[in-house]
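S.K.: Could you have a look at this structure, given as structure tokens, before my questions?
The values are calculated or read from the model by the stated rules, or taken from the named source; none is laboratory data. Model, not experiment: these values are computed from the prediction. We place every Cβ from the backbone using ideal geometry, glycine too, and count neighbours over all the protein chains shown. Note: areas computed on protein heavy atoms with side chains; ligands, DNA, RNA excluded. Shrake-Rupley method; radii C 1.70, N 1.55, O 1.52, S 1.80 Å.
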Amino acid sequence: MEIKWSDSLSVGHPTIDSQHKELVRRIAKLIELINSGSITNEQMVDVLGFIADYTDEHFSTEEKMMIQTDYPEYEAHRQQHLWFMNEVNELIKEYMINGVSEKLLADIQRVLIDWLVGHITGTDKKLGAYLMEKGVVAPEE
Ligand SMILES: [Fe+2]
């Protein structure tokens, strides 16, 4: 199980790329902790909590910029974000109930790696290009 930043994940938008880098770094940290075999409950709760909070913040950054620029695919993109947040919450619940289970590992691969990489390289790349074309590099406060 592995995720790491590479240029193929860049969407060509400075704010989105830097947030994606941080997210990928934290997910890699989660995997590293699990692989170490000596992860404490506290570390696990910390890193999962961070991923959930950070993702929430990151998605709202993207959504603000979509609203600001009347992005035509806003609704579909937002639905993907909602799906992901729900999956992350399920993942945390799974951990709370069963600890580091086979299901948890499979879900980390399916959601935090496969889905996320797919979302970044598909849905977010389109958004990044659109925002750069509109000259919007950060949300308006
Ligand atoms: Fe997105």
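S.K.: Any idea how far the Cα center of the range 91-109 sits from the one of the range 40-69, in Å?
M.R.: The range 91-109 and the range 40-69 have Cα centres spaced 19 Å from each other.
S.K.: A further question on this structure: May I have the count of lysine pairs in the chain with C-alpha atoms under 25 Å apart, counting pairs 8 or more residues apart or located on different chains?
M.R.: Here the count comes out as 19.
S.K.: Follow-up question, since we're still on this one. Ignoring ligands, DNA and RNA, please state the percent of accessible area on the chain from carbon and sulfur, probe 1.4 Å. Before the final figure, lay out the partial values.
M.R.: Details: 3760 of 7470 Å².
Solvent-exposed carbon and sulfur of the chain make up 50 percent of the total.
S.K.: Quick one: what does P(r) look like for the range 15-68 with 10 Å bins over all Cα pairs, in whole %?
M.R.: 23, 45, 23, 8, 1
S.K.: Next up: As a check on your grasp of the helix formula, calculate [θ] at 222 nm for the chain: sum -39500 (n - 2.57) over DSSP H runs of n ≥ 4, divide by the residue count, round to the nearest 500. Spell out each step's value before the answer.
M.R.: Details: 6 runs with 96 residues, N = 141.
Dividing the helical sum by the residues of the chain leaves -22500 deg cm²/dmol.
S.K.: Once the Cα gyration tensor of the chain is found, what semi-axes does its equivalent ellipsoid get, as square roots of 5 times the eigenvalues, in whole Å, sorted largest first? Before the final figure, lay out the partial values.
M.R.: Numbers: eigenvalues 166, 43, 32 Å².
One finds semi-axes of 29, 15, 13 Å for the chain.
S.K.: With +1 on each Lys and Arg Cβ and -1 on each Asp and Glu Cβ, how big is the dipole of the range 37-134 about its Cα centre, in debye rounded to the nearest 20?
M.R.: 200
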